[in-house]
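Peer 1: Structure below; questions to follow.
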Amino acid sequence: MFIEYEDFTKVDMRAGRIVKVEEFPRARTPSYKVLVDFGPEIGERWSSMQAAREYRPEELLDTLVVGVVNLPEKNIAGFKSQALILGVPAEDGSLSLLRPSRGAQLGSHVY
């Protein structure tokens, strides 16, 4: 199924840096609460990340990620997730986070 380019431009994907990682024991899937700095225009946003099986908190801290910042807040086990951090299945089926390979300016748009 194809979409129009205008539809793609409605999804606001930005580069951000994880600045805080907290355990999230109430989540059904092993997850973390992460605070991501998306730069001066967007600011910091909290997100629930189902990454606790693949990543340790110290691996995630200060990591660049790509996230969608214009979705409505989602209530996940009583926690308000304000951004969707993007990932893909790795070869073994586990989570592989989408990360800028050469660094990125915080808040920069994905294109």
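The values are calculated or read from the model by the stated rules, or taken from the named source; none is laboratory data. Computed from a predicted structure; not experimentally measured. Note that each Cβ is placed from the backbone with ideal geometry, even for glycine, and that neighbours are counted across all protein chains shown. All accessible areas refer to the heavy atoms of the entire protein, side chains included, with ligands and DNA or RNA removed. Shrake-Rupley method; radii C 1.70, N 1.55, O 1.52, S 1.80 Å.
Peer 1: Solvent-accessible area per residue for region 2-56 at a 1.4 Å probe radius, Å²? The partial results should precede the final answer.
Peer 2: On the way: 3600 Å² over 55 residues.
Per residue, region 2-56 has 65 Å² of solvent-accessible surface.
Peer 1: What does a probe at L71 reach in region 1-30, counting residues whose amide N is under 13 Å from the point 7 Å along Cα→Cβ?
Peer 2: Counting backbone N atoms under 13 Å from the label point, the list is 11-14.
Peer 1: Based on Cα coordinates alone, diagonalise the gyration tensor for the chain, multiply each eigenvalue by 5, take square roots, and list the semi-axes in whole Å, largest first. Walk me through the intermediate numbers first.
Peer 2: Details: eigenvalues 92, 52, 49 Å².
Semi-axes, largest first: 21, 16, 16 Å.
Peer 1: Measure off, as a whole percent, the carbon and sulfur share of the 1.4 Å-probe accessible area of the chain, all protein chains present. Present the calculation step by step, with values, prior to reporting the outcome.
Peer 2: On the way: 3750 of 7500 Å².
Percent of accessible area from carbon and sulfur atoms in the chain: 50.
Peer 1: Would you please classify the overall shape of region 68-111 from the alpha carbon gyration tensor, given that a ≥ b ≥ c denote the square roots of the eigenvalues, rounded means a/c under 1.5, and beyond that prolate means a/b larger than b/c while oblate covers the rest? The partial results should precede the final answer.
Peer 2: Values: a/c = 2.83, a/b = 1.19, b/c = 2.39.
Here region 68-111 falls in the oblate category.
Peer 1: Add +1 for every Lys or Arg and -1 for every Asp or Glu among the other residues with Cβ under 14 Å from the Cβ of L71, and state the total. Walk me through the numbers on the way to the answer.
Peer 2: On the way: positive: K10, R14, R45, K74, K80; negative: D12, E73.
The answer is +3.
Peer 1: With a ≥ b ≥ c taken as the square roots of the eigenvalues of the C-alpha gyration tensor of region 1-42, please select rounded if a/c is under 1.5 and otherwise prolate if a/b is larger than b/c or oblate if it is not?
Peer 2: Oblate.
Peer 1: With every protein chain in place, what's the accessible area of E54 (1.4 Å probe, Å², nearest 10)?
Peer 2: In the full protein context, E54 sits at about 60 Å².
Peer 1: For region 32-78, just say rounded, prolate or oblate: build the C-alpha gyration tensor, square-root its eigenvalues into a ≥ b ≥ c, call rounded for a/c under 1.5, and beyond that prolate if a/b exceeds b/c, oblate if not.
Peer 2: Details: a/c = 2.27, a/b = 1.20, b/c = 1.90.
Cα axes put region 32-78 in the oblate bin.
Peer 1: About the Cα centre of region 6-111, how large is the charge dipole given +1 on each Lys and Arg Cβ and -1 on each Asp and Glu Cβ? Please answer in debye to the nearest 20.
Peer 2: The dipole of region 6-111 has a size of about 240 debye.
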